[in-house]
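Trainee: Just dropping this structure here.
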Amino acid sequence: MKQFALKRKSIIQAILTPTVFVPSVLTSCLLGVSPMTAYAEHLDLPSVDVVAHSLANEQADSVNTSDTASLLLNEPGVSLYHAGGVSSLPVIHGLADDRIRIKVDGMDLISSCANHMNPALSYIDPANVNAIQVLAGITPVSMGGDSIAGTIVVDSKTPEFAEAGHGLLVEGKINTFYRSNNNARGVNLSTSVANEQMYMRYTGSTVEANNYQAGGKFKAAGRSAILRGWLGGDEVGSSAYESRNHALAFGLQHENHLLEFKLGLQDIPYQGFVNQRMDMTGNKSEQYNLSYKGKYDWGKLEARTYHEKTRHSMQFGKDKQYWYGSGAMGAAPYDVPGMPMDTEGRTTGFVLKGDINLSQRDILRVGTELQRYRLDDWWDPSQSPSTVGTNTMMGPNAFLNINRGQRDRYDVFAEWDAKWNEQWFSQLGLRSSTVKMDAGKVQGYNNAGGMMGYADPNNPTTIPGAFNAADRSKTDNNIDITALTRFTPDAEKTFEAGYAMKTRSPNVYERFAWSNTNTMVMNMNNLYGDGNGYVGNLNLKPEIAHKVSVSGHWHDAGQQHWYLKVTPHFTYVDGYIDAVACAQVGKTCNTRTDGFTNLSLDNQSARIYGLDVSGKMLLAQNTGVGRFDAMASVSYLRGKNNTSDDNLYNIMPLNAKLALEHQFGQWSNKFQAKIVDSKNEVQAVRKEFKTAGYTLFDFYTSYDWKQARLDLGVENIFDKLYYDPLGGAYLGQGATMGTTVTRGLSVPGIGRSINVGLTLKY
């Protein structure tokens, strides 16, 4: 307890240091501003009727999670790829990662990592999330583009200005939390000050966590790797993490106009990845975001420009073997000291869109978007002191995995909303997108050939030479189309139906990862967490998805007592990018003996269909005992590769959530059961794991005073051992760069955890 108290004290000091300075500066700045006309109307995103679910920020105090993606888990049809402690990848109806468009405060952020360890949602802490919107059905073209699954929109808190004549509006919140399972501890802070025209806010967060414990022993206890520490049989290696985030927001309003600037800074000193062969040993990011929103007689106008820079590093963490070679461990000249991998990504974007009121019935939404992305992915030589500068297995060159990678996107769109009468609404949209990609010449660790060298990169008969001689400049001209209609016969029913054609171009790694004869290098180019090795394909074409979705929504007139929503959906993807044997695309890859496999990528076709059902019912409401509600959701999903007749990878099995909620004044309680069926429909080409079904029980309670809130949660109450159906392969310990880590274990879920948090508000 003493050790924990010291750590918590240091965390609090780290996060509070800037808050002594920030409020004083903000206050002094605002005191010098003369009053102007108050803001006439609240400015927000266009009020477009879409198939979407809004998610209240019930868990943004980070009591139960430090992973923003996990805030989506109550949304029907949404699941998560297991990854690092703050870097899970959301899945919408079986389609994940770059197949989803994710907007963080209006910015389209791109993961800059060969393992996608820094996805878009990892750049905003849950404490800074005000609202999340999931567009999982027929996504409007104004919110889509370069994606085929749907769109996730994450927004931090909107500006709040002081009322006229009320002086300064000063608000603040500080939250501290602790989770018992992995000893996670942290602090979140938010403070803001505003007058009638100006607004400033600071948000900061810090969290540190150890490895988590599964619900029982899933492996033998012992050393995690040579010269490494000890792991118990229930300890999940490479699952510890530490993360720090800071955000500043400045707003200026005048009549119907709002100008806002946001600055985001992230520092992740360490994040383990249980289903990858490397760990994150550094991720620093800067985000600059300038936006304008205005209302005019003719409609609304929105403009935004942003820039994001990420510097990312990978290496073997404390649970994975660091020294490799034929000599004594750590001794020259044979040993390789780790494998440094570095990435730098730069994203610049511009958005301009407007809503034009054509009539009381019709709104025309038009816009343009530009995005410029640059990526460099290099692996510095790893040599013992006596061999530096000579040709060795991993030197003397830097290995150029992606050199001067480029991906630029130019979009224009138009969307027509028509409210024909009180019962009928329609939406038609068209988007044109041009994606231009290119990459520079590459090289191996040396020019002498051998296992890692790859020989002369200027000789077209070598592996890097063939890539360098190929035409690497690619241009895709993509089209998106949406058509949606909604019928509301009365106050208790709504029916929707729609069709969408969505297009996504390959990402930089899918096209430009070039090594196909070295297993170690292929292992490191893995976006999927399955432990296999991958090489890209210069000939990949865009994915084109055709989606049909219908929905029925029944509810009471006031939507306060009950509702039932049923949404069947079907998606056919032409050009679906899936794993294939290397020979299928004309590549020669090494045969493996560790149970994993080396693969490439190719365009095939796929179909995904499923059903989402969700509902809520008021059970009782009494002034003496409060309100009781029952909630339930069920999701079924099936995915098949039409070309190979194989199953699609990481399709969530049948699952359900049942919950009993109780609200009595300021006291709220929730008892929840998560039921997941066994996973037997797995992908053969990736050697995907089957998993058994399970049921987990959670309990949450909180009490909210005027200026304080106490939260308590117990997750996985019965400490059940289970395996995450989307968790991938267990690679949390051992010689992950070599072939001695054999396939056999999937990633277990977290065991019982008691979570407590205290929030103070002013």
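The values are calculated or read from the model by the stated rules, or taken from the named source; none is laboratory data. Being a predicted model, the structure only gives us computed values, none of them experimental. Every residue, glycine as well, gets a Cβ built from its backbone with ideal geometry; the counts of neighbours run over all protein chains shown. Note: accessible area is taken over every heavy atom of the protein model, side chains too, but ligands, DNA and RNA are not part of it. Shrake-Rupley method; radii C 1.70, N 1.55, O 1.52, S 1.80 Å.
Trainee: As an exercise: evaluate residue 694 against (1) in contact with a Phe, Trp or Tyr (Cβ under 6 Å, 6 or more places away or on another chain); (2) surrounded by fewer than 17 Cβ atoms within 10 Å (Cβ to Cβ); (3) among the hydroxyl-bearing types (Ser, Thr, Tyr) and give the number of the one condition it does not meet.
Mentor: (2)
Trainee: Here is a further query. What are the residues in segment 605-627 that are within 18 Å of residue 569 (Cβ to Cβ) and open to solvent by 50 Å² or more (accessible area, probe 1.4 Å), if any?
Mentor: So the first thing to find is which residues in segment 605-627 are within 18 Å of residue 569 (Cβ to Cβ), and the list is 605-615.
Answer for segment 605-627, where residues must be within 18 Å of residue 569 (Cβ to Cβ) and open to solvent by 50 Å² or more (accessible area, probe 1.4 Å): 607, 609, 611.
Trainee: Now for a separate question. Can you pull out every residue in segment 381-399 that is open to solvent by 40 Å² or more (accessible area, probe 1.4 Å) and touching a helix residue (DSSP H, G or I) at 6+ places or on another chain (Cβ under 9 Å)? Steps first, answer last, please.
Mentor: From segment 381-399, those open to solvent by 40 Å² or more (accessible area, probe 1.4 Å) are 381, 385-386, 388-391, 393, 396; that's our starting set.
Passing the criteria: 391, 393, 396.
Trainee: Across segment 407-440, which residue is nearest to residue 483 (Cα to Cα) among those that are of a type outside the set (A, V, I, L, M, F, W, C), open to solvent by 30 Å² or more (accessible area, probe 1.4 Å) and out of contact with any Gly (no Cβ under 9 Å at 6 or more places or on another chain)? Please lay out each step first, then the result.
Mentor: Just the residues of segment 407-440 that are of a type outside the set (A, V, I, L, M, F, W, C), to begin with: 407-411, 415, 417, 419, 421-423, 426-427, 429, 431-434, 436, 438, 440.
Now restrict to residues that are open to solvent by 30 Å² or more (accessible area, probe 1.4 Å): 410, 419, 421-423, 432, 434, 436, 438.
The next check asks that each one be out of contact with any Gly (no Cβ under 9 Å at 6 or more places or on another chain); those that pass are 410, 419, 421-423, 432, 434, 436.
Working: 410: 22, 419: 14, 421: 18, 422: 19, 423: 17, 432: 15, 434: 22, 436: 27 Å.
Only one residue fits best here, namely 419.
Trainee: Then there's this: Spot the failing condition for residue 88; the list is (1) within 29 Å of residue 525 (Cα to Cα); (2) touching a residue at least 40 places away in the same chain (Cβ under 8 Å); (3) of a type outside the set (Phe, Trp, Tyr); (4) open to solvent by 10 Å² or more (accessible area, probe 1.4 Å), and only one is missed.
Mentor: (2)
Trainee: Let me ask another. Could you list, ordered by first residue, the pairs with Cβ atoms under 7 Å in which the first is in segment 379-392 and farther than 13 Å from residue 337 by Cβ and the second is surrounded by 12 or more Cβ atoms within 10 Å (Cβ to Cβ) and at pLDDT below 80, at least 6 apart or interchain?
Mentor: Matching pairs, first to second residue: 391/453.
Trainee: If you check every pair at least six apart or on different chains, which have Cβ atoms under 8 Å apart with a residue in segment 203-229 that is within 25 Å of residue 180 (Cβ to Cβ) and without any contact (Cβ under 8 Å) to a residue 12 or more places away in the chain first and a residue that is of a type outside the set (Ser, Thr, Tyr) and open to solvent by 50 Å² or more (accessible area, probe 1.4 Å) second?
Mentor: Cβ pairs passing all conditions: 222/230.
Trainee: Within segment 381-415, which residues are closer than 20 Å to residue 521 by Cβ and either part of a strand (DSSP E or B) or of a type in the set (A, V, I, L, M, F, W, C) (or both)?
Mentor: Selection gives 392, 393, 394, 395, 398, 399, 400, 401, 402, 403, 404, 405.
Trainee: If a residue must be open to solvent by 40 Å² or more (accessible area, probe 1.4 Å) and closer than 23 Å to residue 696 by Cβ, how many such residues does segment 636-656 contain?
Mentor: The first filter runs over segment 636-656 and keeps only residues open to solvent by 40 Å² or more (accessible area, probe 1.4 Å), leaving 636, 638, 642-645, 654.
Narrowing the set further to residues that are closer than 23 Å to residue 696 by Cβ leaves 636, 654.
Total satisfying the criteria: 2.
Trainee: Among what's in segment 217-244 and is in contact with a Gly (Cβ under 7 Å, 6 or more places away or on another chain), open to solvent by less than 20 Å² (accessible area, probe 1.4 Å) and small (Gly, Ala, Ser), pick the residue that is nearest to residue 737 (Cα to Cα).
Mentor: In this case the residue turns out to be 225.
Trainee: Evaluate the following for residue 643: is it more than 25 Å from the chain's Cα centre (by Cα) and within 27 Å of residue 568 (Cβ to Cβ)?
Mentor: Working: more than 25 Å from the chain's Cα centre (by Cα): yes; within 27 Å of residue 568 (Cβ to Cβ): yes.
Considered against the rule, which asks whether it is more than 25 Å from the chain's Cα centre (by Cα) and within 27 Å of residue 568 (Cβ to Cβ), residue 643 comes out as yes.
Trainee: Just one of (1) in a strand (DSSP E or B); (2) at pLDDT below 95 trips up residue 630, so point out which.
Mentor: (2)
Trainee: Within segment 511-623, considering only strands (runs of 3 or more DSSP E) that don't extend past its boundaries, which have at least 2 residues that are in contact with a helix residue (DSSP H, G or I) (Cβ under 6 Å, 6 or more places away or on another chain), of a type outside the set (Lys, Arg) and modelled with pLDDT of 95 or more?
Mentor: Where strands (runs of 3 or more DSSP E) fall fully within segment 511-623 and carry at least 2 residues being in contact with a helix residue (DSSP H, G or I) (Cβ under 6 Å, 6 or more places away or on another chain), of a type outside the set (Lys, Arg) and modelled with pLDDT of 95 or more, they are 598-622.
Trainee: Residues being closer than 24 Å to residue 546 by Cβ and either among the hydrophobic types (A, V, I, L, M, F, W, C) or open to solvent by less than 10 Å² (accessible area, probe 1.4 Å) (or both): count how many of those fall in segment 499-512.
Mentor: 7
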